[in-house]
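Working notes for the structure below.
The values are calculated or read from the model by the stated rules, or taken from the named source; none is laboratory data. Please read these numbers as outputs of a predicted model, since none were measured by experiment. Because the Cβ atoms are built from the backbone with ideal geometry, glycine has one as well, and the counts that use them run over all protein chains shown.
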Amino acid sequence: MKSIDLRRAAAAMMAAALVLTAPGIAMAGSLSGSVGDKRFSPVLPSSLKDPCNKAYKAYVAAGGHSAYATTGFIRVMDGYVLCGANYNSPSQKAAEDLAMKSCQSGLAHYKVAAGSHCQIAASK
């Protein structure tokens, strides 16, 4: 008789522990599908096949700490957007640093000088 009471008590304690920890489990879920901390709406080129469109969609789909950096505007005369992204980094700060480096390397590669600089558009 005593073992049945002990089993019921243990089951009741386990159920209570599950109820108390369930909300914490839901909050610790994946970042996948989340835009995260959006600092400004990035200007995305109209072509869906554009690398910056693909990078932004991959950023939103990423499940870990990620960041998306871009030039803040499209120059009317030139019509370009440069971007950089980093996915699934160990921390949000690391993702932002690597996304900025990626964007800045694009600026250096294409030798863009006047009026453009990279900014973090969103990070999570």
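Assorted remarks:
- Candidates in the range 78-108 are the residues that are exposed (fewer than 13 other Cβ atoms within 10 Å of the Cβ) and at pLDDT below 90; of these, the one that is nearest to the chain's Cα centre (by Cα) is A108.
- Among residues of the range 46-67 that are in the same structural domain as L98 (by TED's automatic domain parsing), those with a Cβ under 7 angstrom from a residue that is crowded, with 20+ Cβ neighbours inside 10 Å and assigned to a loop (DSSP other than H, G, I, E, B), sequence gap 6+ or separate chain, pair up as C52/V81; Y56/P42; H65/K124; S66/K124.
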